[in-house]
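Below is one structure; the comments refer to it alone.
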Amino acid sequence: MGGMEKLIVTTKQIEDLKKYSLFHKPFEACSLLLGSVRDHFYIVRESYHVKNLNRSINSFKMAGADLMAAYQYSLRRNLDVIGVFHSHMLGTKPSKEDLIYMEINPVVWLIYSISDYKFGAYILDTTLRKVLIDVVME
């Protein structure tokens with residue numbers, strides 16, 4: 001992929017992720033983004049919220065059973081897991097731990113900074129690249 005990736009989300013999905021993050025504050029919230037990929041466009045159809053086993057302010061861990069349930073759910077809905085969402089207390093840049101998991105999960109990673117009220121999206125295959133976020137009306 002050539003660095004032209006775009007994550008397409010609706011205003012309702014963005015608001016849902018903000019609320020979900022604030023509900024779990026100060027701990028990181030985490031979800032999987034379900035949808036489809038066409039060319040360089042990652043189209044979010046819905047988010048699948050997952051419990052953060054770490055209950056940590058600077059990391060998250062999803063249970064294997066929750067991940068299996070999410071993948072089974074996405075298959076039933078004819079969707080793909082196209083991204084990982086989680087929140088940070090400050091900043092949208094991936095942490096060192098995020099980068100490790102991004103290497104083995106080369107999907108879009110959407111990060112919400114609770115303190116800044118900002119989203120950032122990234123993908124890592126050979127290098128870390130920013131992904132454009134296109135928020136659309138429903």
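The values are calculated or read from the model by the stated rules, or taken from the named source; none is laboratory data. These numbers were taken from a predicted model, which means no experiment stands behind them. All Cβ positions, even for glycine, are placed from backbone atoms using ideal geometry, and neighbour counts span all protein chains on display. Ligands, DNA and RNA are stripped out before the accessible areas are found, and what is left, the full protein with its side chains, is counted by its heavy atoms. Shrake-Rupley method; radii C 1.70, N 1.55, O 1.52, S 1.80 Å.
Worth pointing out:
- FRET efficiency for the pair Lys93 and Asp125, taken as 1/(1 + (r/R0)^6) with r the Cβ-Cβ distance and R0 = 25 Å, rounds to 0.90.
- Over the C-alpha atoms of the chain, the Rg to Rh ratio, Rh being the Kirkwood estimate, stands at 0.92.
- Mean ellipticity per residue at 222 nm, deg cm²/dmol - from DSSP H runs of n ≥ 4 across the chain, formula -39500 (n - 2.57): -8000 deg cm²/dmol
- Fluctuation leader among Lys96, Lys61, Lys25 - the chain, Gaussian network, Cα springs under 10 angstrom: Lys96
- Computed from phi, the 3J(HN,Hα) profile of segment 81-93 under the Karplus parametrisation 6.51, -1.76, 1.60 (θ = phi - 60°) reads 7, 10, x, 10, 10, 7, 10, 10, 5, 9, x, 9, 6 Hz, with x in place of Gly and Pro.
- For Arg45, nonlocal amide neighbours, meaning residues 5 or more places apart or on other chains whose placed amide H falls under 5 Å from its own, are Leu34, Gly35, Ser36.
- DSSP-assigned coil residues among chymotrypsin sites (Phe, Trp or Tyr not before Pro) in segment 83-138, each with at most 13 further Cβ atoms within 10 Å: Tyr117
- The accessible surface of the chain, taken with every protein chain in place and a 1.4 Å probe, is 56 percent carbon and sulfur.
- Projecting label points 7 angstrom from Cα along Cα→Cβ for Arg76 and Lys25 puts them 3.3 nm apart.
- Subtracting the Cα-Cα distance of Leu67 and Thr11 from their residue separation scaled by 0.36 nm leaves 17.6 nm.
- All-pairs alpha carbon distance profile, segment 17-96, 10 Å steps from 0, percent: 19, 46, 31, 4
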